[in-house]
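Student: Below are the structure tokens for one structure; questions will follow.
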Amino acid sequence: MKKYPKPRSLRFRLMLSFLLFAGSLMLLLWTLQVLFLQNYYEAMKTREVIQAADSIVQEYGDLDLSKLQEFSYKTDMYIHLETEGGLLIYTTSDTSPRPSTFASVSDLAQIRTLLEASPGGSVSYTVQTRHGIDTLVYGRLIHDSNLGKVYLSIFAPLSPVESTIEILRDQLIIVTFISLAVAFLIAFVLSTRLSDPLTRITRTAGQLAKGKYGVTFEGSGYSEVAQLADTLTHTSRELARTDELKKDLLANVSHDLRTPLTMIKSYAEMVRDLSGNNPVKREEHLNVIIDEADRLNLLVSDLLTLSKMQSGNTALEWGSFDLKEAAVSALRPFELLQEQDGFRISLETEGEDFTVWGDYGRIRQVLSNLLTNAVRYSGDNKAVTLRLCSDANGVRCEVQDRGIGIPTEELSHIWERYYRASSQSGRASGGSGLGLAITKEIFVLHGASYGAESTVGQGSTFWFSLKHKG
Ligand code: ADP
């Protein structure tokens with residue numbers, strides 16, 4: 001059997017898909033959280049700083065320095081107010097008059113330069129301090145009537161957002177691992193539930209391919225797989241039955257060929273050795289030989305007809321004909337039976353128009369087959385009725401007998417070649433065993449509906465209907 005590479009296996013694909021899905025979800029979450037948070041926090045901090053600067057500017061006239069100190073500690077902002085001449089009005093730092101942790105003297109100088117250049121009198125940017133802390137820097141120019149230009153500088157560290165991002169990152173790492181593990185687990189369970197029964201089914205199918213017909217497919221898990229298994233089991237049983245029928249067919253054909261051949265040989269020997277000079281005996285023996293040859297002929301031609309029909313090599317000679325006429329013609333050979341063996345074979349008609357569209361010769365053959373069976377299986381009650389009913393669409397034909405009947409469970413099988421109802425063991429019935437199989441093929445070629453109804457001990461009715469026009 002062809003080997004398929006592992007990357008194409010269901011389990012591998014399913015796991016890969018799940019992992020990719022979980023991975024991309026996590027990636028999206030990471031990017032969004034980390035980027036979004038950083039920007040959001042910066043925007044918020046900027047707003048806060050501007051608000052603080054606004055209120056300092058507003059209250060500049062009577063600034064409460066201790067309140068400012070408190071505010072600066074609480075909000076973690078470094079505030080620095082210095083005049084153009086270098087006079088320090090206020091600074092948050094209580095240890096040094098110059099900013100140290102957040103900003104350096106050069107930062108203050110830079111703010112001053114930028115403020116001078118800025119037309120709006122305010123600047124805002126972020127820097128990284130000497131200690132590696134990202135800091136938001138904000139500058140505002142205040143005009144003091146006494147002191148002249150006053151520079152307000154506010155430094156707000158952005159470190160909290162960094163630590164938050166760090167916490168988030170840690171959590172996301174855990175979430176990522178957990179979600180990948182869960183994705184892996186789900187994919188594993190799903191693929192196992194799907195691939196295990198499929199593998200089992202494949203293994204069983206391998207046995208089927210090797211000719212072990214009738215094997216049972218087991219498909220657990222999903223209903224679709226179970227359905228597949230059921231269908232395959234059904235197929236496998238059908239194959240087993242067909243195989244059985246094929247073997248039967250071969251056995252039957254060889255048996256059916258052998259019997260008349262043996263008879264022909266023995267009777268020919270008898271004519272040669274014993275009855276050659278006795279005209280009466282010779283005549284009798286030669287008649288047996290002719291009868292057996294006829295039987296052989298019938299069997300071989302039935303076999304040929306059936307195989308031709310089943311291989312689709314039969315073309316029907318379509319035409320319009322009177323089914324009643326075909327029925328009368330099919331009944332004619334049975335007249336002798338009526339006279340000699342007490343059969344009562346009658347033709348009943350209902351309606352007027354019995355013209356149908358089909359192949360006259362084939363339909364006559366069908367009628368003949370059905371009548372032969374009705375007579376053959378009619379047991380002691382020798383009444384057979386051929387009924388024709390016509391309606392607007394077509395003609396329905398029924399062949400009814402009051403004979404032995406067919407068990408219900410076997411009704412669907414009688415159309416198969418060489419099938420014999422259980423009540424018909426042996427070849428005593430004298431038919432080729434192909435009659436109904438040929439009949440069915442003719443119905444199929446005509447696209448006709450057909451069927452059989454039967455009750456054991458009470459008789460059977462075989463029917464078909466043909467359309468008036470094609
Ligand atoms: P056969 O040559 O055995 O009659 P057929 O194909 O004509 O072969 O019929 C198949 C089987 O169907 C018969 O062996 C018989 O068991 C059953 N059958 C057919 N027609 C009748 C009937 N009218 N009554 C009872 N059994 C029938």
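Taken together, the values in this text are just the output of simple stated rules run on the coordinates, not laboratory data. Since we're looking at a predicted model, the values are computed, not measured. Methodologically, a virtual Cβ is constructed for each residue, glycine included, from the backbone with ideal geometry; neighbour enumeration extends over all protein chains shown.
Student: What's the ranking of 391-402, 372-383 by average number of surrounding C-beta atoms within 10 Å, highest first?
Tutor: So the order, starting with the most tightly packed, is 391-402, 372-383.
Student: Would you work out which of Leu261, Tyr450, Thr83 lies farthest towards the positive end of the dipole of the chain, given +1 charges on the beta-carbon of Lys and Arg and -1 on that of Asp and Glu, about the Cα centre?
Tutor: Of Leu261, Tyr450, Thr83, it is Leu261.
Student: Can you give me the Rg/Rh ratio for the stretch 315-467, using Cα atoms for both radii and the Kirkwood formula for Rh?
Tutor: 0.95
Student: Residue by residue, what Karplus-based ³J(HN,Hα) values in Hz, rounded to whole numbers, does the stretch 239-244 have, using 6.51, -1.76 and 1.60 with θ = phi - 60° and x for Gly and Pro?
Tutor: Once θ is set to phi - 60°, the couplings for the stretch 239-244 become 4, 4, 5, 4, 4, 4 Hz.
Student: With equal scatterers on the alpha carbons only and no solvent term, can you work out the Debye log10 of I(q)/I(0) for the stretch 149-270 at 0.14, 0.18, 0.19 1/Å?
Tutor: The computed values of log10 I(q)/I(0) come out as -0.83, -0.99, -1.03.
Student: Here's another thing I want to ask about it. If you take the charge dipole of the chain about its Cα centre, with +1 on Lys and Arg Cβ and -1 on Asp and Glu Cβ, which of Gly435, Leu19, Leu466 is farthest toward its positive end?
Tutor: Comparing the listed Cα positions along the dipole, Gly435 ranks first.
Student: Taking the Cα atoms of the chain alone, what are Rg (to one decimal) and Dmax (as a whole number) in Å?
Tutor: Final numbers for Rg and Dmax: 51.2, 165 Å.
Student: Round to the nearest 10 and give me the degree value, 0 to 90, for the angle of helix 159-209's Cα axis relative to the longest principal axis of the chain.
Tutor: Long axis of 159-209 versus the principal axis of the chain: about 10 degrees.
Student: Would you grab the residues whose amide H sits under 5 Å from the one on Thr349? Only those 5+ places off in sequence or on another chain, please, with H modelled 1.01 Å from N.
Tutor: Here Leu388 satisfy the definition.
Student: By the gyration tensor of its Cα atoms, with a ≥ b ≥ c the square roots of the eigenvalues, what is the shape of the stretch 129-199: rounded for a/c under 1.5, prolate for a/b over b/c, or oblate?
Tutor: prolate
Student: Could you derive backbone 3J(HN,Hα) for the stretch 389-404 from the dihedral phi with the Karplus parameters 6.51, -1.76 and 1.60 (θ = phi - 60°), listing whole Hz in sequence and x where the residue is Gly or Pro?
Tutor: Each residue of the stretch 389-404 in turn: 10, 10, 9, 4, 8, x, 10, 9, 10, 10, 10, 10, 10, 10, x, 6 Hz.
Student: For Lys265, which aspartates and glutamates qualify as cross-link partners when the Cα separation must be under 20 Å and same-chain residues fewer than eight apart are set aside?
Tutor: Within the straight-line limit of under 20 Å, Lys265 reaches these aspartates and glutamates: Asp256, Asp273, Glu283, Glu284, Asp291, Glu292, Asp294.
Student: May I pose another question? Take each of the peptides 180-187, 215-222, average the number of other beta-carbon atoms within 10 Å over its residues, and list them starting from the highest.
Tutor: By packing density, highest mean first, the sequence is 215-222, 180-187.
Student: Compute the separation of the alpha-carbon centres of the stretch 218-282 and the stretch 114-176 and state it in Å as a whole number.
Tutor: 99 Å
Student: Quick check: the angle from helix 65-74's long axis to the longest principal axis of the chain, C-alpha only, nearest 10 degrees?
Tutor: Approximately 30 degrees, to the nearest 10.
Student: Hey, another quick one. Can you list the residues, at least 5 places off or on another chain, whose amide H is less than 5 Å from the amide H of Arg417, using H built in the peptide plane?
Tutor: none
Student: For helix 360-376, report the angle its Cα long axis makes with the longest principal axis of the Cα atoms of the chain; keep it between 0 and 90° and round to the nearest 10°.
Tutor: 70 degrees
Student: Which order do Asp341, Asp134 fall in if you start with the one that has the fewest other Cβ atoms within 10 Å?
Tutor: Ranking Asp341, Asp134 by Cβ neighbours within 10 Å, fewest first, gives Asp341, Asp134.
Student: By a straight-distance test (C-alpha under 16 Å), which aspartates and glutamates pair with Lys45 as possible cross-link partners, with residues fewer than eight away in the same chain excluded?
Tutor: Candidates past the 8-residue exclusion: Asp54, Asp76, Asp134, Glu162.
Student: Of Lys247/Lys467; Lys246/Lys469; Lys247/Lys469; Lys212/Lys308; Lys382/Lys440; Lys440/Lys469, which pairs sit farther than 32 Å apart, going by alpha carbon to alpha carbon?
Tutor: Listed pairs above 32 Å: Lys247/Lys467; Lys246/Lys469; Lys247/Lys469.
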